[in-house]
Amino acid sequence: MTADPATPGAPGTSASVAPRAAGSGPATDAAASLAARVLRHGRYEALAMLRNGEQLVLAIVLPLLALVALVITPLLDGFGPSRIDVAAPGVLALCTMSTAFTGQGIATGFDRRYGVLRFLSTTPLGRSGLILGKAVAVAGVLGVQLVVIGGAAVLLGWEPRTDGIPGAALLLLVGSAAFTALGLLVAGTLRPEATLAVTNLVWILLAAAGGVILPASGLPAAVEPFVAVLPSAALGDGLRSALVDGSLDPIACLVLLAWATVASLAAIRWFKWS
């Protein structure tokens, strides 16, 4: 008996091969572990960020300009052993803010607008994999920033305390988590245009008076207690303590951890996928 060619699953027809979602890879991809899917998505998002001209300016060019400007001007005189010792940790904190908060917030906001998030959340990647992939992308781009900005700072005479590098790495890890959660919170609750405006405005305000570049102790006494509890000041002052003095600031770690926890819970509660 000859099988009906129109019958699904009939031998010798294309219907005998189970259809897969558009864009899916080989059958072995379906069996890939969550870790593999997260790493692949993180690599994709990191490359997309680095290939985007606007993101590249925000991630690399502006921090480099800020580093040079802080070294050749007297703005940071009196805050540390040298201008570069105070400037370099602050600019690294600025890089974390630009990538984890502004860059990720804007990208996620427009992905949400165009339905990319809703589509990806229904794939084998899943919602948890999507969020973890974004965290991997932030870490990857931040690694590139650390190499470029840190290398430029060394060329300008920076000699960070090697015994403070583990503490600095911990602060950068917790800080990137806090700012990524804040970026996702903004992107998941506001319209993309509002996300673009809010993230850029907050980035400028924190960079100028949030304890990132200029230590919180250098601000007016009336505002210092409020700035000191901001994640920007905790990251900036914490990195300076680690890389200039060689000591880990536990208060800065706790402040960043608190922001990461609260922002993550808020993003989970109010994030809209479409």
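Rule-based calculations on the coordinates, nothing more; no lab input. Here the structure is a predicted model, which means the values were calculated and not measured.
Classify segment 207-252 as rounded, prolate or oblate, taking a ≥ b ≥ c as the square roots of the eigenvalues of its Cα gyration tensor: rounded when a/c is under 1.5, otherwise prolate if a/b is larger than b/c and oblate if not.
prolate
Dividing the alpha-carbon Rg of the chain by 2.2 N^0.38 Å yields what?
1.21
Using bins 5 angstrom wide from zero, how does P(r) for segment 158-274 break down, in % of all Cα pairs?
2, 13, 19, 21, 19, 14, 8, 4, 1, 0
Let's test this: bin the Cα-Cα distances of segment 101-154 at 5 Å from zero up to the farthest pair and state each bin's percent.
In order of increasing distance, the bins hold 4, 18, 20, 22, 14, 9, 7, 5, 2, 0 percent.
Quick one: what are the phi-derived ³J(HN,Hα) couplings along segment 147-164, Karplus 6.51/-1.76/1.60 with θ = phi - 60°, whole Hz, x for glycine and proline?
My calculation for segment 147-164 gives 5, 5, 5, x, x, 5, 5, 5, 5, 8, x, 6, 10, x, 6, 5, 6, x Hz in order.
Binning at 5 Å from 0, report for segment 40-180 what percent of all alpha-carbon pair distances ends up in each bin.
2, 10, 18, 21, 17, 13, 8, 5, 4, 2, 0
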